Amino acid sequence: MPVPAAARARAEQLRRELNEHNYRYYVLDAPTVSDAEFDALFRELQELERHHPELPTPDSPTQRVGGAPRADFAPVRHRLPMQSLNNCFSEDELREFDRRVREGLRRDAVEYVAEPKLDGLAISLVYEHGVFARGATRGDGETGEDITENLRTVRSIPLRLRTGHPPRLAEVRGEVYLPHKGFERLNRQQAERGEKTFVNPRNAAAGSLRQLDPRITASRPLAFYAYALGHREGFQGPRTHFEVLALLREWGFAVSGLAEIVDGFDGCRRYYERLAQRRATLPYDIDGVVYKVNDIASREELGSVARAPRWAVAHKFPAEEAVTVLENVEFQVGRTGVLTPVARLRPVFVGGANVGNATLHNMDEIARLAVEIGDEVVVRRAGDVIPEIVRVQRPGAQRRAIRLPAHCPVCGGTVERAEGEVAARCMNGLSCRAQLHGALLHFVSRRAMDVEGLGEKLLAQLVGAGRVSSPADIYRLDAATLAGLERMGEKSAENVMAAVGKSKQTTLARFLYALGIPDVGEATARDLAAHFGSLEALMEAAEQDAPTTHAAKDKDRCPRLRQVPDVGPVVAACVSHFFGEPRNREVIRALRDAGVSWPAAEKAAGGALAGKTLVLTGTLPGMNRDEAAELILAHGGTVSGSVSKRTDYVVAGADAGSKLEKAQKLGVPVLDLDGLRRLIG
Ligand code: 5U1
C-alpha cells in the first residue's frame with residue numbers, strides 16, 4: 001500500500017525537527033526543547049515508521065538506536081590513507097619541526113592551526129550526497145573496519161550534512177571519545193550490573209565502538225569531534241585548514257572551539273602553555289596539542305614521510321610518572337630471537353591505566369639505570385606508549401641483580417650477545433617456539449603475505465599441535481586440520497584456506513618483507529626488490545657479499561648489497577647473513593615449491609622506468625599509493641614526494657592539488673594511471 005502523502009510529509013518534518021534538536025543538544029550544547037518534548041516527537045516518528053515500513057530513511061533519527069547485531073566487521077579500504085601524526089615531546093623538537101617546515105617551504109615564517117589532541121579513536125565518515133553512508137575505524141591506515149551501524153548511534157555525528165548543496169562525496173575525519181561525565185556514568189552502570197569497569201575513557205570508547213551489537217554502542221554516551229576532510233569528489237574544499245574547520249562546523253559537526261591560528265614556533269609554544277593550563281578543566285581527556293600548517297597547498301608541497309605528514313605534529317604533554325616496586329624481571333623472546341627484559345611491577349595507576357609491566361629495553365639499559373629486583377622505581381607512561389622505568393627511586397633493602405639468562409627461557413637454546421651489539425639473542429632460530437610464533441605472525445600479517453583470518457590464536461594452536469613449524473607449512477594446511485581446531489567451523493576453515501591460497505600471489509617486495517630478515521622493513525624490502533629485480537639476483541649478491549672471517553672494514557663490507565640506496569653496512573650484513581643460512585634457503589625453496597610466486601619484474605636497472613623519477617598525486621582509480629609506488633619501483637623507477645625540475649613524470653589521480661599545478665608550471669609531463677601502464681608497457 002503506498003504511503004499517504006500526509007504521512008510522508010509529517011515523517012519528513014519530524015525527521016528534520018528531531019535532527020535539529022539532536023544538533024542543538026549534542027553539538028551546540030544548547031537545547032531548545034525539554035527531554036519530554038523530544039521523546040514525544042521521537043515516538044510519533046517511530047509510530048509512523050512502524051505503520052509504514054517504507055518510510056524510514058538512513059538519516060532518520062530512529063536509526064540511531066542500533067540495528068541487529070553483526071557477526072563481524074567487514075574491512076574497508078580507505079580511499080586516502082589515514083595517516084598518523086609524528087610526536088614531539090619537547091620545545092626543541094617543536095622548534096626542529098618548525099625549522100623543517102620553513103625549510104621545506106623556503107619561507108621565513110609559517111602560519112599554523114593549533115588544536116587540542118583528544119585522546120579518543122580516529123575514524124572516517126563518508127557522506128554521499130550529504131547523507132551518512134559509511135563509517136570506519138582507522139585500522140592500519142590503509143584498511144579499517146566498517147563500523148557504520150555503530151557510528152550511526154553517536155548523536156553528535158550528523159546523519160545528513162546541514163547544507164542545501166552537499167558534495168557528491170565527502171569524507172570527514174575526526175575522533176570519537178567519551179567525555180568525563182559519560183565515562184563516570186558508564187562505569188557506575190557497569191559496576192551496578194556487576195560488569196567490568198573501564199580503566200580510562202579511551203578504552204571505554206574503543207570497547208564501545210567495537211561492539212558487534214550496535215544497541216550496546218547506542219547506550220554508551222560517545223561523542224565525536226571533526227578535524228579534517230579526507231577523500232572528496234565533486235568539490236575542491238577550502239584553501240586553509242581553519243576554513244576546513246569552519247566548513248565542518250557549518251555542516252553540523254562538533255569542532256573544537258579551542259582551535260586557533262598561531263604564528264610560527266613562538267605562537268605554537270604559547271598555545272601549548274595556555275592549553276596545558278586549561279587541560280584539567282576540560283570535560284574530556286586530551287594528551288597534547290596538534291599543530292598543522294594552515295595553508296593546504298603548502299601541505300601538498302611538504303608531503304609525507306613513512307605514513308605521517310610533514311606538515312603536522314602532535315606535541316604531547318609530559319608523560320605521567322608514578323613510584324612502584326620492581327618485583328621481578330622476565331625475558332621475552334621476539335621473532336628475531338632478541339631477548340627483551342620485561343619488568344614485572346607491583347601494579348600502579350599511571351597515565352590513565354593500571355600498569356603491571358614495563359620494558360627495560362636491554363641489558364645496557366639495566367646497567368645504565370643500575371636497577372635491581374626489589375628496588376623502588378619510577379615508572380612513566382604516556383598514552384599509547386609502552387610504559388618504561390625511568391630511574392631508581394630507592395634501592396630495595398634486599399635487592400637482587402638482574403642477570404641475562406644463559407639459555408633461552410622458551411626453548412632452552414644458547415643465548416649470545418655478539419660483540420658490539422646491544423641485543424642478546426636466542427640462537428635457536430625457528431626451532432625456538434617463541435621465534436617461530438613471532439615469525440609466523442609477521443609472515444601472515446597484512447603488509448607481508450596478508451593471510452586474512454590466520455591470527456595469533458589460530459597460529460598458536462597450529463604451532464602447539466606441531467602442524468606448523470615453518471612458514472612453508474602454512475601452504476601445506478588442509479581444511480580438515482583447520483576445522484578440527486578450537487573455535488573453528490568448516491566455514492571458517494574454508495575461509496582461511498581461501499586466504500592462504502590467495503596469498504600465494506604476491507610481490508617480491510612483500511615476500512622479502514615477510515621473510516622477517518632482521519633490520520629489513522617494508523621500505524628496504526621494496527628497495528631490494530627494485531634494485532635486484534629478482535630473488536635469484538638478490539641471493540647471488542648476498543652470497544658474493546658473505547662476510548669473511550678476516551673482518552673487513554665496515555665501508556668495504558657487502559659491496560653489492562650496499563649499492564642499494566639507503567642500505568648501510570648493518571642492513572647489508574643482515575641480508576647477507578640471512579641468505580647464507582641453509583635453513584632460510586630451505587624455507588624459501590619450500591615456499592616457492594608450494595606455489596608462492598610474484599610477477600617477474602625486469603631487473604630494475606633495465607626496467608622501463610630505469611633512471612626516471614616519478615611523483616604520485618591525487619587518488620588513483622583502484623590502486624593505493626603503496627601499490628603504485630611498488631609498480632614504479634618494480635620497473636626501475638624512483639618515487640619522489642615533491643615535484644621539481646628533475647621530476648620526469650607526475651602521475652595524477654582524482655583531486656590532485658598543488659603538485660599537479662607545479663608540474664604544469666614546470667612543464668613536467670603528467671600521466672594518469674593508464675598513461676603510466678602504457679609507459680611500462
Ligand atoms: N586534533 C587533531 N587530532 N588529530 C589526529 N587533529 C588531528 N589530525 C590527525 C590525527 C591523527 O591526522 C591528520 C594527519 C589529519
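Where a number appears in this text, it was derived from the coordinates with a stated rule and is not lab data. Since the structure is predicted, the reported quantities are computational estimates derived from the model, not experimental observations. Please note: Cβ atoms are built from the backbone with ideal geometry, for glycine as well, and neighbour counts cover all protein chains shown.
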Item checked: Amide H partners (placed H, <5 Å) of ASN87, local residues excluded -> ALA314
Next item on the list: Can you bin the stretch 429-503 into rounded, prolate or oblate? Criterion: square roots of the alpha carbon gyration tensor eigenvalues sorted a ≥ b ≥ c, rounded for a/c under 1.5, prolate for a/b above b/c, oblate for the rest.
Entry: oblate
Next item on the list: Sort out for me the Cα centre separation of the stretch 499-532 from the stretch 346-424, rounded to whole Å.
Entry: 33 Å
Next item on the list: Just rank SER503, SER90, fewest to most, by other beta-carbon atoms within 10 angstrom.
Entry: SER90, SER503
Check: What is the fewest-to-most order of TRP311, TRP251 by other Cβ atoms lying within 10 Å of their Cβ?
Finding: TRP251, TRP311
Item checked: For the stretch 1-84: rounded, prolate or oblate by the Cα gyration tensor [a/c cutoff 1.5] -> oblate
Notebook entry, point to check: What does the charge dipole of the chain about its Cα centre add up to, to the nearest 20 debye, if the Cβ of each Lys and Arg holds +1 and the Cβ of each Asp and Glu holds -1?
Noted result: 60 debye
Next item on the list: Report ³J(HN,Hα) in whole Hz for each residue of the stretch 202-216, in order, from the Karplus equation J = 6.51 cos²θ - 1.76 cosθ + 1.60 where θ = phi - 60°; Gly and Pro get x.
Entry: 5, 4, 5, 5, 4, x, 6, 6, 8, 6, 6, 9, x, 5, 5
Check: Given VAL350, ALA297, GLY334, which one lies farthest toward the positive end of the charge dipole of the stretch 274-350, if we put +1 on the Cβ of every Lys and Arg and -1 on the Cβ of every Asp and Glu?
Finding: ALA297
Item checked: Dipole of the stretch 409-538 [Lys/Arg +1, Asp/Glu -1 at C-beta], most positive-end residue of ALA493, ALA514, SER431 -> ALA493
Note to self: List the Cys residues of the chain that have no partner Cys with a C-beta closer than 4.7 Å.
What the structure shows: CYS88, CYS268, CYS558, CYS574
Check: What is the local net charge at GLY207, summed over the other residues whose Cβ is closer than 12 Å to its Cβ (Lys, Arg +1; Asp, Glu -1)?
Finding: +3
Margin query: Could you derive backbone 3J(HN,Hα) for the stretch 480-487 from the dihedral phi with the Karplus parameters 6.51, -1.76 and 1.60 (θ = phi - 60°), listing whole Hz in sequence and x where the residue is Gly or Pro?
Written below: 5, 4, 5, 5, x, 7, 4, 6
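Taking other Cβ within 10 Å of each residue's Cβ, how do PHE265, PHE532, PHE317 sort, fewest first?
PHE317, PHE265, PHE532
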Notebook entry, point to check: Could you give the distance between the Cα centres of the stretch 426-478 and the stretch 92-165, to the whole Å?
Noted result: 36 Å
Checklist line | Positive minus negative residues near GLU149 (Lys, Arg vs Asp, Glu; Cβ under 11 Å) | finding: +3
Notebook entry, point to check: In whole percent, what relative contact order does the chain give with Cα contacts below 8 Å and a gap of six or more residues?
Noted result: 9 percent
Notebook entry, point to check: Put +1 on the Cβ of each Lys and Arg and -1 on the Cβ of each Asp and Glu in the stretch 69-202; which of ALA114, THR197, LEU169 then has its Cα farthest toward the positive end of the dipole?
Noted result: LEU169
Notebook entry, point to check: Taking the Cα atoms only, what angle lies between the long axis of helix 35-51 and the longest principal axis of the chain, rounded to 10 degrees?
Noted result: 80 degrees
Margin query: Helix 535-544 against the longest principal axis of the chain: what's the angle in degrees, Cα atoms only, rounded to the nearest 10?
Written below: 40 degrees
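Rounded, prolate or oblate: which fits the stretch 87-316, taking a ≥ b ≥ c as square roots of the Cα gyration tensor eigenvalues, rounded meaning a/c under 1.5, else prolate when a/b beats b/c?
Note, shape of the stretch 87-316 comes out oblate.
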Next item on the list: Starting from one equal scatterer on each C-alpha and no solvent at all, send me the Debye-based log10 I(q)/I(0) for the stretch 319-427 at q = 0.10, 0.13, 0.17 Å⁻¹, two decimals.
Entry: -0.29, -0.48, -0.79
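Give me the dipole magnitude in Debye, nearest 20, for the stretch 508-598 about the Cα centre, with unit charges on the beta carbon: positive for Lys and Arg, negative for Asp and Glu.
20 debye
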Note to self: What distance in nm separates the two pseudo spin-label positions at ALA30 and ARG278, each 7 Å out from Cα along the beta-carbon direction?
What the structure shows: 1.8 nm
Check: Pairing the Cα long axis of helix 433-444 with the longest principal axis of the chain, what angle in degrees results, from 0 to 90 and rounded to the nearest 10?
Finding: 60 degrees
Check: How large is ³J(HN,Hα) for each residue in the stretch 447-454, as worked out from phi by the Karplus curve 6.51 cos²θ - 1.76 cosθ + 1.60 (θ = phi - 60°), to whole Hz, x for Gly and Pro?
Finding: 7, 9, 7, 6, 9, 5, x, 9
Margin query: Can you tell me which aspartates and glutamates have their Cα less than 16 Å from the Cα of LYS196? Leave out same-chain residues fewer than eight positions away.
Written below: GLU184
